[in-house]
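Notes to accompany the following structure.
Read-outs: derived from the displayed coordinates by stated rules, not from any lab. No experiment lies behind these values; they were computed from the predicted model shown. As a convention, Cβ positions derive from the backbone with ideal geometry for all residues, glycine included, and neighbour counts pool all protein chains shown.
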Amino acid sequence: MIKDYFVLAIKNIRRRHVRSWLTIIGIFVSIAIIFVLISLSLGLESAMKEQIRTLGADKLFIYPTLAAGIPGPNSPIKMSIDEVDVISRISGVKAVSYISMENGKIKFNNQIKYFLVFGIPLVKDSISIFTEATNLKMDEGKFLSKGDRGYIILGSEFKYGKLFEKPLKTGDNIILNNRTFKVKGILKTFGNPQDDSQTYINIEDLKDIFNTSTRVDYIIVQVHQGADLKEVSARIEKKLRDFRKVTEKTQDFSIVTPEELLSSIKSVLNILTAFLIGVATISLIVGAVGIANTMYTSVLERYKEIGVMKAVGARNSDILKIFLIESGLLGLVGGIFGILFGFGVGKIIQQIAITYLHITSLQPSTPPSLIFGCLVFAFIVGSLAGTIPAYKASQIKPVQALRYE
């Protein structure tokens with residue numbers, strides 16, 4: 001019986017194909033938007049999870065901060081090498097690395113541009129912790145090693161982007177704030193132009209050029225294997241509060257774990273996705289109204305047909321099911337084409353991000369659950385939109401329907 005309902009509903013949709021396609025457009029657009037937004041959000045979340053996973057589950061990140069501040073050379077809150085010494089003596093801490101940052105002027109082939117310069121201590125443990133925590137991988141050349149002075153590591157944009165008229169390569173000389181540095185290596189891409197435009201030098205070179213003295217902008221802590229990350233974090237937090245003479249309320253530094261970092265990123269993505277889906281819902285409402293309007297018209301056109309079906313034994317519930325399935329199929333077809341279109345749009349966005357923005361992390365993720373969920377959602381929306389017209393059709397009296405002109 002259910003199969004007959006679907007066959008009849010499909011025949012009615014095909015008989016009014018022009019009107020049906022116009023009705024489907026509203027659902028098609030809204031499902032496409034929702035599908036693209038959710039798939040991109042899932043893709044970004046997956047990329048962030050992978051990025052966080054590479055940081056390792058044995059690291060903490062500490063930086064000076066205000067309520068809405070971020071670490072960097074212009075931050076009014078400062079940390080120093082003294083904090084690094086304090087942290088290194090805390091129980092559970094295996095090794096500590098740190099970073100100082102400055103905005104540097106780089107000259108190459110008579111072109112001058114400004115980039116963020118990272119200074120890192122070139123000792124064995126510090127180098128390994130830093131490269132692990134930042135997931136640095138070499139595209140060419142080698143990373144800085146112990147004792148290197150006058151060498152610089154460049155992000156991938158210096159080679160593959162258009163930062164300078166001529167791409168840089170290993171062995172080139174550049175001038176950083178009036179001092180010559182030799183390029184020792186070029187990094188593989190991080191996935192976004194800002195990170196891929198960063199440079200890295202020995203912390204001692206940074207101190208000489210920028211007179212940063214003992215200032216530290218970012219501290220990376222590696223804990224001993226088997227140590228509880230939260231317990232070590234709590235000990236570090238207490239020690240630093242005492243050392244910096246601040247309270248819990250006036251604390252001017254932050255300590256985050258990879259899990260907390262991922263949680264923050266997910267919260268931002270969820271808020272953004274929810275907002276955009278809210279906008280897409282407006283289109284969905286318009287599509288639902290279109291389905292309801294089409295079904296009302298269909299009821300009027302098929303008044304006599306409904307009377308005949310009732311005269312030969314069709315029950316109210318049979319008429320109700322036929323119209324609900326028909327409106328649901330309108331939504332389902334709109335959902336199918338919306339998903340196909342959304343999949344194509346997602347791939348186009350991915351290619352634009354890679355080709356023009358050099359962002360590799362913006363990749364849509366389309367798990368079967370997302371596709372199935374969108375199809376079910378589209379069918380339900382269509383069915384709900386046709387509920388009132390279907391109910392009215394089921395209440396038509398056979399005698400009145402047969403006399404209807």
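Figures for the structure shown
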item: Inter-centroid distance (Cα atoms) of segment 205-270 relative to segment 327-357, Å; result: 41
item: Derived scalar couplings ³J(HN,Hα) [segment 189-200; Karplus, 6.51 cos²θ - 1.76 cosθ + 1.60; whole Hz; x for Gly, Pro]; result: 5, 8, x, 8, x, 5, 5, 7, 10, 7, 10, 9
item: Helix-only mean residue ellipticity at 222 nm for the chain, each DSSP H run of n ≥ 4 adding -39500 (n - 2.57), per residue, nearest 500; result: -18500 deg cm²/dmol
item: Efficiency of FRET between Glu165 and Lys142 - r from beta-carbon atoms, R0 35 angstrom, step 0.05; result: 0.85
item: Lys, Arg +1 and Asp, Glu -1 on Cβ, resulting dipole of the chain about Cα centre, debye, nearest 20; result: 1140
item: Amide N proximity, segment 318-346 versus Trp21 label position 7 Å along Cα-to-Cβ, cut-off under 18 Å; result: 330-341
item: By average C-beta atoms within 10 angstrom, highest first, the peptides 95-102, 371-378, 261-268; result: 95-102, 371-378, 261-268
item: Length-normalised contact order of the chain in % [C-alpha pairs under 8 Å, at least 6 apart]; result: 28
item: Entries of Lys107/Lys184; Lys105/Lys238; Lys146/Lys238; Lys137/Lys266 with Cα pairs more than 28 Å apart; result: Lys105/Lys238; Lys146/Lys238
item: Segment Tyr356-Phe275, length gained on full extension (0.36 nm per residue, minus Cα span); result: 26.5 nm
item: Matching label, Kirkwood radius over Cα pairs in Å computed from the structure shown, candidates (i) 20.9; (ii) 21.7; (iii) 25.8; result: (iii)
item: FRET efficiency estimate (nearest 0.05) - Cβ-Cβ, Ser80 to Lys113, R0 25 angstrom; result: 0.25
